1. Please list 516-526, 344-354, 366-376, 104-114 highest first by mean number of surrounding beta-carbon atoms within 10 Å per residue.
2. Take the Cα pairs of segment 104-156, get the Kirkwood Rh, then feed it into Stokes-Einstein at 4 °C and 1.567 mPa s and tell me D in µm²/s.
3. Return, for the Cα atoms of segment 332-388, the radius of gyration and Dmax in Å, separated by a comma.
4. Taking only the C-alpha atoms, wrap a convex hull around segment 155-302 and report its volume per residue in Å³ as a whole number.
5. Over the heavy atoms of Trp71, what accessible area does a 1.4 Å probe trace out, to the nearest 10 Å²?
6. Could you tell me the distance between the Cα centroids of segment 409-450 and segment 96-156, to the nearest Å?
7. Give the value in nm², to one decimal: projected area of the alpha carbon convex hull of segment 128-180, averaged over all directions.
8. For segment 359-487, compute the orientation-averaged projected area of the C-alpha convex hull (one quarter of its surface), in nm².
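The values are calculated or read from the model by the stated rules, or taken from the named source; none is laboratory data. The shown structure was predicted, so the numbers you read here are calculated from the model rather than taken from an experiment. Positions of Cβ are backbone-derived with ideal geometry, glycine not excepted, and every protein chain shown enters the neighbour counts. The area values use the complete protein model at the heavy-atom level, side chains included, leaving out ligands, DNA and RNA. Shrake-Rupley method; radii C 1.70, N 1.55, O 1.52, S 1.80 Å.
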Amino acid sequence: MSVITSVAVSPSPPGVTGDTTTTVLAAEGGLLGSVEEGINSVFQPVTDALSGFVFGEISIGSISFPWIVAWLVLAATVFSIYFGFVQFRKFKLAVDIVRGKYTDKTEPGEINHFQALSSALSGTVGLGNIAGVGVAVTIGGAGATFWMIVAGLLGMCTKFVECTLGVKYREVHEDGTVSGGPMHYLRKGLAERIPNAFGIGLGKVLAVLSAIMLLFFALAGGNMFQANQTFAQLRDVTGGAEGFLGSDGAAFVFGVLLAVIVGMVIIGGIKSVGAVTSRLVPAMAIIYVSACLIVILVNIDSVPSAFGEIVGGAFSPEGVVGGAIGALIVGFQRSAFSNEAGLGSAPIAHSAVKTKNPITEGYVALLEPFIDTVIVCTMTALTIVIAKTQFWEDAKLAYVQNGETADGVTVTSESFATVLPWFPYVLTLAVALFAISTMITWGYYGQKAWGFLFGKSRVSERVYQVIFCLFVVAGSVLTLGSVLDFADAVLFLLALFNIIGLYLLVPVVRREVRDFTAKLRSGEVKRIDKTVEPPQADKVG
């Protein structure tokens, strides 16, 4: 996710790149600089108004935080209770479904469960897992890690609900392709649950609004910002403004090359996206988690005390900012802005899965926040706490004294540098992989929103794909700060409408749970064991 402005106030959309305290203009002068200033000045008043509402803060004592965080965490808590903490009870079943143990290849859809999971993860895992966590443990202390994990575990149930609905109300087209997401389950589901003029009208309005919000973010936050930050990172490690990537011309060439790479994937649709992300996401995870493990293993003696700090800091009356309450809020905020649970975007990817039983993809989707937040974000936090660099200690003190927020990337990078002095190059590779995967997934999300608004046809899709690729180039040479802030606000506004729809539709999900459980018990759905013929029924409760 990306925080474009101030991390403490403005969140970061899913997978966008990371929390940075400021956004540096790509073009600092000349024609491009004038274009940036002109566009930003037009967008700024609208952005200020919308961001002021979406990220408006509520206070608990001396601690302030965006109300949208409470909205997301409350929904996750309610759904977890409603479904009896299904994320824990059915975790093993979810893993088995990802492994293809309960779904036949001939079932309707375009991609398998693993590809659907990796496609959705590629849209959420980003530099926010690196930079955003660095900021979180600086502001909230080590204890923020504990609450980040708690919120991630709760968010698993939100993903379970929305992705089940995504498959339940998806549209399978004549050519075999699939379209799903909030624009479909809000329209169809609300009309089904409230079968009158009000329900039908409400569903249509929310569906159109969700498609518009998703499309705008796909072009700006899920595209332009990714391209811009990737180029900025590459420029920094190759000599900065004085290096061979220091000119606007280099930025343009980079943008064209990046647009070609992304365009080649998104033109192939979700099958192409799934094929790429199913390789890219595991590679990203292995590279980054391996780096974390190296730091942790080198400092293995410090692990027990680090866990003590994390747990103790979560409940201690004393803390970096606001003690236990401050740690809780910062941890919940980082989790909510990281794993995308409740925003309605992930169901678009999950809807394309091959299955006859919508609930199977709900089970798969609950793994997403676990991987994104509980594993990747926690590994980052643990690395920072264990390394305990002087930079981190100074950053915490600076925030307490004058409210100055350190660059999250630097907090994390300094921690890795204690063991891996060459980590900036690993970070550059991670940024590039994270950004490309995010752009690919959001390119697909935007295409589905475009198709909902303007109709699905080959010509319509090609028009969108050309526009998306042009925005990749524009993002490499321009940093439209106010536009990106507006995109952040738009996407999180979608969470308001999406979760209202989820509350109204949870009985549908409960019915799907009961139907699938009955099929398992009766043997209608059997565990597919490739080593045993014939496959045996698995009576999972």
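1. Going from most to least packed, we get 344-354, 366-376, 104-114, 516-526.
2. Estimated diffusion coefficient is 96 µm²/s.
3. Cα only, segment 332-388: 14.3, 50 Å (Rg, Dmax).
4. Roughly 184 Å³ of hull volume per residue.
5. Trp71 has an accessible surface of roughly 50 Å² with all protein chains in place.
6. Answer, in whole Å: 15.
7. Hull-based average projected area comes out at 5.1 nm².
8. So the mean shadow area of the Cα hull is 11.9 nm².
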